[in-house]
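The values are calculated or read from the model by the stated rules, or taken from the named source; none is laboratory data. If you're wondering where the values come from, they're calculated on a predicted model, not measured in any experiment. With ideal geometry, Cβ positions are generated from the backbone for all residues, glycine too; neighbour counts draw on all protein chains shown.
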Amino acid sequence: MTMKFLTTAALLLGAGLATGAQAATYEAQVVRTQFGIPHITAKNYRGIGYGQGYTFAQDNLCLLADKVVTVNGERSKHFGPDATTVIAFTDIKNLESDFFFRANTDIDNLRAGRAKGSADYRELVDGYVAGFNRYLADTPKDKLPAECGDKAWLRPITVDDMLRLNEERMIQASGGAWLRQTNAAAPPTAEAALKPAASLGLPNMAEMIGLGSNGWAFGREVTTNKSGLVLGNPHFPWEGTNRFYQTHLTIPG
């Protein structure tokens, strides 16, 4: 396993990971340009995933590790049952979150879906896992972020973790948005009376504030440089795992 710094902004990553009688090789070149944006070049999807996993760990180690705790239903264990996390843009208590993910994530079905996917897809995910874990293994604890560097919940990730993370992405506007209602679901009874729509748990206005595809426009009268300014809202938050992360991925040819 080697890593060579080419310049202050570029590095080569390489690793050979043995699996039974075979060995998977991961190689990628990473160049960071202005604002630290990573440009990753590799010969195949395995290498692209490797570079992406490594650079994302460099920039967002604790963020991803925290979300891995969430999708495995272990937030109460590490952060307490009454603390909150954000699921589908809503603050949810850890115990509610744990119950939902443990009850509704079918890991066997997710594994079966992965097996039916393309080889490129599987190699991309395998590479990402290897890259994230490479960064974690190579970085001394005293160089890791203080937020999570010495915490028990920071650990190497697995392919199963990635499948769970992907599932969580896919239910943002479906099952995740109805997390509390799903947790509280019970079989209907013959005596149950019809309830008005307002009591069915539909999102209320307070929960929707700050969410939407819009922007702020400021005229020259209120800006420092006396020029107009438009701030775009990308429909997703500016923080957490739903925020955008800019990267440039290239497989030559």
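Checked against the criterion of being exposed (fewer than 13 other Cβ atoms within 10 Å of the Cβ) and aliphatic (A, V, I, L, M), the candidates Ala130, Ala152, Ala88, Ala65 yield just one match: Ala152. For the condition free of Cβ contacts under 8 Å to residues at least 12 places away in the same chain and surrounded by fewer than 17 Cβ atoms within 10 Å (Cβ to Cβ), Asp82 does not qualify.
Which fully enclosed helices (runs of 4 or more DSSP H) of segment 59-128 have 3 or more residues being out of contact with any Gly (no Cβ under 7 Å at 6 or more places or on another chain) and more than 19 Å from Arg180 (Cα to Cα)?
On the way: elements: 75-79, 94-104, 107-116.
Answer list for segment 59-128: 75-79, 107-116.
Restricting segment 214-253 to residues that are polar (S, T, N, Q) and more than 28 Å from the chain's Cα centre (by Cα) leaves a set whose member that is surrounded by the most Cβ atoms within 10 Å (Cβ to Cβ) is Thr223.
What are the residues in segment 114-140 that are farther than 18 Å from Thr25 by Cβ, without any contact (Cβ under 8 Å) to a residue 60 or more places away in the chain and not basic (Lys, Arg), if any? Before you say what the answer is, go through the steps one by one.
Within segment 114-140, the first condition is being farther than 18 Å from Thr25 by Cβ, and the residues that meet it are 114-118, 121, 136, 139-140.
Next cut, without any contact (Cβ under 8 Å) to a residue 60 or more places away in the chain only: 114-118, 139-140.
Residues satisfying the conditions are Ala115, Gly117, Ser118, Thr139, Pro140.
Contact map, segment 141-159: residues that are under 17 Å from Ser76 (Cβ atoms) paired with residues that are of a type in the set (A, V, I, L, M, F, W, C), Cβ distance under 7 Å, separation 6+ or inter-chain. Pairs shown: Trp153/Ala65; Trp153/Val69.
Determine if segment 55-69 includes at least one residue that is within 22 Å of Leu110 (Cα to Cα), of a type in the set (Val, Ile, Thr) and either modelled with pLDDT of 95 or more or in contact with an Asp or Glu (Cβ under 7 Å, 6 or more places away or on another chain) (or both). Yes: one or more hits.
Every residue, every condition in (1) at pLDDT 95 or above; (2) within 22 Å of Thr241 (Cα to Cα); (3) more than 17 Å from the chain's Cα centre (by Cα), yes or no:
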{"residue": "Ala88", "(1), (2), (3)": "no, yes, no"}
{"residue": "Lys116", "(1), (2), (3)": "yes, no, yes"}
{"residue": "Asp120", "(1), (2), (3)": "yes, no, yes"}
{"residue": "Val125", "(1), (2), (3)": "yes, yes, no"}
{"residue": "Ala137", "(1), (2), (3)": "yes, no, yes"}
{"residue": "Lys143", "(1), (2), (3)": "yes, no, yes"}
{"residue": "Pro156", "(1), (2), (3)": "yes, yes, no"}
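Being closer than 30 Å to Ala184 by Cα, exposed (fewer than 13 other Cβ atoms within 10 Å of the Cβ) and of a type in the set (A, V, I, L, M, F, W, C) is a description that applies to Ala112.
Let's see how each residue does on (1) surrounded by fewer than 20 Cβ atoms within 10 Å (Cβ to Cβ); (2) in contact with a helix residue (DSSP H, G or I) (Cβ under 9 Å, 6 or more places away or on another chain); (3) over 30 Å from Ala24 (Cβ atoms):
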position: Val71; (1), (2), (3): no, yes, no
position: Asn94; (1), (2), (3): no, yes, yes
position: Asp98; (1), (2), (3): no, yes, yes
position: Asp108; (1), (2), (3): yes, no, no
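Counting the residues of segment 158-181 that are more than 14 Å from the chain's Cα centre (by Cα) and part of a loop (DSSP other than H, G, I, E, B) gives 2. Would you confirm whether any residue within segment 31-46 is part of a helix (DSSP H, G or I), at pLDDT 95 or above and either under 21 Å from the mean Cα position of the chain (by Cα) or aliphatic (A, V, I, L, M) (or both)? Yes, segment 31-46 contains a residue that is part of a helix (DSSP H, G or I), at pLDDT 95 or above and either under 21 Å from the mean Cα position of the chain (by Cα) or aliphatic (A, V, I, L, M) (or both).
When Met208 is tested against the conditions (1) surrounded by fewer than 11 Cβ atoms within 10 Å (Cβ to Cβ); (2) of a type in the set (A, V, I, L, M); (3) at pLDDT below 75, the lone failure is (1).
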